[in-house]
Each structure stands twice: as C-alpha cells, then as structure tokens.
C-alpha cells in the first residue's frame, strides 16, 4: 500500500450519532426581536441585552473575513436557528434531573457523570447544543472557592464580574464571527479563581452539538485573580450530518498579577465526509487571553483533529510586565478538511515572553495552514519570542502553508522563527516494520514523536486520549 | 536457512532481478558484489519486504517458510534483519524507545514477556559500548543529525540488540572512514556465530578485508553471473567488472 492511500477511505467517526431529545427552539433567522427573545428567555439583566444589541448592530455592518486560506459555500445566516434548549432542563446542580438521553450521550462520549465513574480529579461542565447541562465535583470546587458554572448562571450570580470582564478581551465588534457570538451566545462556561487560590483539580467543559440546524455559539469567560492558578480543558464532538453546522465560539481569559491560566482544547467536531467533503462543522472561533497583571502567564494548548473548516487563532495580549504567553498546537487535517489556525502574541509590557510551537499534519486532500502574528509594541523593552512551525505531509494531494507575520517596533526585543516541512512516507514506515514494528505502531510513533512537544503540555488525563485520537484518525485507513 | 530460487522482480514495471539463485546456510558469510544498478540493493530490499518491489517469478524460503507471503514485521520477528544503506531519520522518537519497542514487539510475537526497562538498558549499554557509541545517543532522536558513520554504527547496534538469525548488510561500508569501518566490522564479527547467516552487499572489496566471507557472488544485470571464494573479490578489485559479461548500456544505469 502506498502512503498516498494511507489516510483514505471512510474514517469512522465514532461520535457521529444523534440523541433524540425534546427541545424548544426559536424559529430560524436573526433579527433584533430574536435577540430580545433570547435575552428574555434567559431572564438577563439589561446590561447584557444592551451588549447583545450593540453587537448585533455592529455585525450587520460587517462581512465575513476573506483573507482566510479556506474555501466554503456561502452561509445563509437566516437559515440557522439561534436558540435551542432541551425541554427538560434540570434544576441547577441536580444531575439526576437531566434528561436520561442526554446523560447517556455523555456516557457514550466517555464522559461519565455519575459519582462513581467520574474522571478522577477533573470537574466537568457539560454543554449540549450550547446549553450547560451540569457540573461535576461542585462541592470540592466550592470548598476551594473556585467557581465553575454555566455563563447563564454566572450572569445571575456574579453579574458584576460578568459585566466587568465580558468583552474586555474580545471587544464587541472584534471580528465578524465573534460579533455574531456576542449578539446571540446561548451559554458556555464561566470560571472564577479567587486571589491566591490554586484550583484543586482540572476544570473541563465538554461541548456537544446535537441539533442539525442550531448554530453553536458558546461563550467562555475565565478570570484568574492575583496569584491564582487554573488548568482548563474543553472537548468537542458533533453528530455526522450531511449539512454544515456553524460553531462560532468566543473564549476570553484574564490573568491578573502572578496568575496563571492553562487552557487546553481537544477538538474533534465531525469533519464531513472524507471523500465528498459533504457536511461537517464550520469552526470559526475567537479565543484570546489577556495577561493583565505582572508576571502573569497564559498557555494555550490545542489538539485540533476535527471540523470541516477551522478558523481559529488563540492569542495572548501580554500587557503586564514579565508576562508570558504560550501556544502549543497540533492541527491534523485529512479527507477534505481545511484548517487555518495559529496564534497572535501581542507584546505590550516590558520583558514579556512568548513561545509558539505549531505542528500541522495534512493528509489526503486537506489544506492545513499556520497563520501567526508576533507583534512587539514600542514600549515592550526586552520582549522575546520563539516560534517553531513544523508541517508534516502525508500523500501528494494535501497542502501545508505557513503565514508568519512579525511586527517589531522595539529594538531591544528578540524574535526567532523556525520552520520545517517533512513527509511521512513509505520509507519511514518500512524502516519501522523492518525492525518488527507494525504499521500502526509506526504511524503512532512517528505522529506522536512529531507532536511530542505539544502533547506533553496537555493535562495528564487527556494526553493519552489525545495521542490515541491522533493515531485513531490515521489508523482507520492504515490497517 | 535462506533459499532464493529463480527470483525475478521489478519496480514500476521495470525488471531489475532476472533469475537470482542463492542459498545461505547457518554460519556462512556471503558477499554480493556488482556494479551500480545491477540489483544488489533490490535483492536486499525484497528480502526485507519493501513494498515498492513486485516479485514476478520465483520464490524465497526462510527457515522453510515462504518469505514472500510474510509482512516485513513478521520477517523481522522470524529473525531476518536488514541494515539500511540510508537509515531513516525520525523526529521525536528516541533511539532507546525505538529499539525497546522493536525488541518487545519481537518478544511478543514469540510469546515472551516484555523486557523491563532496566534489563533493556543493561543490554543496550553493553552493545553500545561494543559499537563505540556514546551514551547520549540513547536519548537522541532516531538517526536525526547523526553523521553517516554514526548512522551505520547505529544500524549494527540495532542488529546486535534484535539478535537476528539472518542479517543482510546493504552497503554498510559506503561512506565510512577506516576507523568507522573497523568498528562496524568488529561489531559484525563479534555478532557472527555458527547459527547465524550473513549477507554482505558491497560495491568494494575493502569491507571484505575486515569481514571475511566464505562465498563471493557477482551480480550483473539482475543475475548472479559468477560465484566463488574470497579470492573472487580480489580478482574484481584488480580487474573491475568489465571482464564479466555486462553490456555497456546496463553499466550506465547506475
């Protein structure tokens, strides 16, 4: 078998099932009334309604970005449903009341919710079609003073925090998709770590798109007060539909003096039919963190193996002096997937440091682009950046691109960029096999070796899962 | 232990081997020599199971089994080893990880328990010493940034650790200086026993000063045209290949 065919064939997407739940939806389409209705249904305070309306009005004047190195049919925004909730929404904190079908869904996804089987030392918030279903380990978090809840809950419980920080990192009107999110977001996660608190466990949100015609617009806000630490992970899956689902999320992180936030993503949305490219999730996501305080640190780690189209640049604004931003990324595309992903590191404070490690793997007929900006402001004396972008090609029909942008306005700063392109080929696999290792072992070792610097940044509980996921994506056609 | 009968093979429809016959018994060292493009490396790669070559005729028996029916990894498990002319560089996979996984996969195939990391480390250190490979090469990425000589020594190290019954060394001498050649030869000679078969593929007689073959074969245009004892290699060194029956066009193929 030649490596051209290595990744071909129907990759089995084991999360492609649909859950049958009774839902309540608003009619398709978007206008001011729909936004008022969403806000009213959620019983939101006025500041949030004004936030949404302002965003909506800005959005009307904006257009989709066209500079992205991806190609997709026009999206009809009036043909999308912007609000769907399961009818039997549980009372908060009572997982027993969740629709059993939804609980089963999370079981099938490997996220057991009952006390005995839960992931040890990971608190999980489940979001189903943009609605938070519940959170595990509430008590343990409460004792530590750490807040992990849905953003809807936070809006009522901590309105002053939400009002202060929502839109403070990704402003209303930032970009087309983020602005749409600001207008219509239905739910998402909220994390607050008080001063001096080290979160006693990993926090996690599991996002599941279920409905065929509902856009997924979740909003995540994480605030780490002075000298606090939190590690957070999100996972994503969706059913295999033959139409496209729009996912336009916004994540905002704020780290104050000496605080540290680690944010990891394992994204495995349905990526469409690998042969025809039909269906799959459009993943247009804005993620940004602000190192607001001195010595603060924000790390993004992402393993992106799904979605038909990915448009995503988790970024850091390094505002506080001596603050640190990190971006570790693995993006794997196969079939007809297209990914344009990378980061922005904006150095504003003195002696700020950033590290970018990007690993792109392209197979079949997919396109995989890294796009990154390193910007050093005039007053960012002593700023340093190190960037490493590696691409691996599998087969002759895929492409990998690197678009690095570097803007330096301070002469004492230091910026390094390294890039490489390699090919996984028959000779490599044969070398492993000739030493007694199977083809699957060979692919596993080569890919995980290529991604090692990124995988080791993931929380331990998920590193093995991520490795398996990468291998699984490749193995389907290797056997 | 190895019997090649009337082997014909081609790559992308182009015939390379045109009827090779060869028999190797345990304890024997065979050398295959010949000009570039004659089919020496093709023969080695077919024995190891390289997927690019198509066997069009003939058969190969290894310890009585049909070798051509076996996957490359199964051939390795059965005791066959080929040292690569151009060893592959792999990023992110350490030498020690690669070798331990390879050995364990062989042990697993034979129903043996995995070797413990400590035990493996002992074995590896001993063999590395023999091959005069510095300890830091354990943790280095497989062949990455190794010099030509280091790569070849690493191949022989792999052979020593995996302990095959039949080893095929494909142009292991190419690109080696005299010191590296001496180390490689020492490793190979120490590895040889009366139970092991060895097939050396080489362009030059030089290697055979260090590893003494029992038999020398000359391959030209996909066939073994001459077989003899070690003295044949010396003849070739002196006279070149022209006195054997090659047509000028085929020599240019190399």
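Taken together, the criteria place residue A:367 among residues that are surrounded by fewer than 21 Cβ atoms within 10 Å (Cβ to Cβ), more than 30 Å from residue A:318 (Cβ to Cβ), more than 10 Å from every other protein chain (Cβ to nearest Cβ) and modelled with pLDDT of 90 or more.
With respect to residue B:173, is the statement that it is part of a loop (DSSP other than H, G, I, E, B) and surrounded by fewer than 16 Cβ atoms within 10 Å (Cβ to Cβ) true? For residue B:173, the condition - part of a loop (DSSP other than H, G, I, E, B) and surrounded by fewer than 16 Cβ atoms within 10 Å (Cβ to Cβ) - is not met. Against the list (1) crowded, with 21+ Cβ neighbours inside 10 Å; (2) in contact with a strand residue (DSSP E or B) (Cβ under 7 Å, 6 or more places away or on another chain), the condition residue B:184 fails is (2).
Looking only at residues in region A:447-476 that are out of contact with any helix residue (DSSP H, G or I) (no Cβ under 6 Å at 6 or more places or on another chain) and within 12 Å of chain B (Cβ to nearest Cβ), the one that is farthest from residue A:394 (Cα to Cα) is A:456. Of all residues in region A:37-56, those satisfying the criterion of being surrounded by 15 or more Cβ atoms within 10 Å (Cβ to Cβ) and not in a loop (DSSP other than H, G, I, E, B) are A:37, A:38, A:39, A:48, A:49, A:51, A:52, A:53, A:54, A:55, A:56. Selection of region B:87-121 for residues being in a loop (DSSP other than H, G, I, E, B), within 9 Å of chain A (Cβ to nearest Cβ), without any contact (Cβ under 8 Å) to a residue 60 or more places away in the chain and out of contact with any strand residue (DSSP E or B) (no Cβ under 9 Å at 6 or more places or on another chain) yields only B:88. For region B:10-27, the candidate set comprises residues that are more than 14 Å from every other protein chain (Cβ to nearest Cβ) and without any contact (Cβ under 8 Å) to a residue 60 or more places away in the chain; within that set, the residue that is nearest to residue B:233 (Cα to Cα) is B:23. Out of the residues in region A:74-93 that are modelled with pLDDT of 85 or more and in contact with a strand residue (DSSP E or B) (Cβ under 8 Å, 6 or more places away or on another chain), state the one that is nearest to residue A:340 (Cα to Cα). Here the answer is A:75. The set of residues in region B:33-48 that are in contact with a helix residue (DSSP H, G or I) (Cβ under 9 Å, 6 or more places away or on another chain) and modelled with pLDDT of 95 or more comprises B:45, B:46, B:47, B:48.
Residues in region A:397-419: is at least one over 29 Å from residue A:262 (Cβ atoms) and crowded, with 19+ Cβ neighbours inside 10 Å? Within region A:397-419 (the criterion being over 29 Å from residue A:262 (Cβ atoms) and crowded, with 19+ Cβ neighbours inside 10 Å), the answer is yes, since at least one residue qualifies. Identify the residue in region B:43-59 that is under 16 Å from the mean Cα position of the chain (by Cα) and free of Cβ contacts under 8 Å to residues at least 60 places away in the same chain and, among all such residues, is nearest to residue B:170 (Cα to Cα). Going through the qualifying residues, I end up with B:46. Among the strands (runs of 3 or more DSSP E) confined to region A:94-213, the ones with at least 1 residues that are in contact with a helix residue (DSSP H, G or I) (Cβ under 9 Å, 6 or more places away or on another chain), modelled with pLDDT of 90 or more and closer than 22 Å to residue A:44 by Cα are located at A:147-150, A:189-193.
For region B:71-86, what are the residues that are free of Cβ contacts under 8 Å to residues at least 40 places away in the same chain, closer than 26 Å to residue A:422 by Cβ and buried (at least 17 other Cβ atoms within 10 Å of the Cβ)? B:72, B:73, listed by residue number. Entry remark, region A:305-330: residues being free of Cβ contacts under 8 Å to residues at least 40 places away in the same chain and farther than 14 Å from residue A:385 by Cβ number 4 in total. Surrounded by 15 or more Cβ atoms within 10 Å (Cβ to Cβ), under 25 Å from the mean Cα position of the chain (by Cα) and part of a helix (DSSP H, G or I): does that describe residue A:458? No.
Restricting attention to region B:217-235, the residues that are surrounded by 19 or more Cβ atoms within 10 Å (Cβ to Cβ) and either under 19 Å from residue B:206 (Cβ atoms) or modelled with pLDDT under 85 (or both) add up to 5. Within region A:331-344, if we keep just the residues that are within 16 Å of residue A:469 (Cβ to Cβ) and in contact (Cβ under 8 Å) with a residue 40 or more places away in the chain, the residue that is surrounded by the most Cβ atoms within 10 Å (Cβ to Cβ) turns out to be A:333.
When restricted to residues that are assigned to a helix (DSSP H, G or I) and more than 11 Å from every other protein chain (Cβ to nearest Cβ), region B:28-80 contains 8.
Within region A:274-289, one or more residues are more than 25 Å from residue A:77 (Cβ to Cβ), part of a strand (DSSP E or B) and either at pLDDT below 90 or in contact with a strand residue (DSSP E or B) (Cβ under 7 Å, 6 or more places away or on another chain) (or both).
Yes/no matrix, rows are residues, columns are (1) within 18 Å of residue A:305 (Cα to Cα); (2) touching a residue at least 40 places away in the same chain (Cβ under 8 Å); (3) touching a strand residue (DSSP E or B) at 6+ places or on another chain (Cβ under 6 Å):
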| residue | (1), (2), (3) |
| --- | --- |
| A:364 | yes, yes, no |
| A:367 | yes, yes, yes |
| A:378 | no, no, no |
| A:382 | no, no, no |
| A:389 | yes, no, yes |
| A:393 | yes, no, yes |
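Being within 11 Å of chain B (Cβ to nearest Cβ) and at pLDDT 90 or above is the requirement here; does residue A:403 meet it? No: the conditions fail for residue A:403.
The values are calculated or read from the model by the stated rules, or taken from the named source; none is laboratory data. Just so we're clear, the structure is a prediction, and the values are computed from it rather than from any experiment. As a convention, Cβ positions derive from the backbone with ideal geometry for all residues, glycine included, and neighbour counts pool all protein chains shown.
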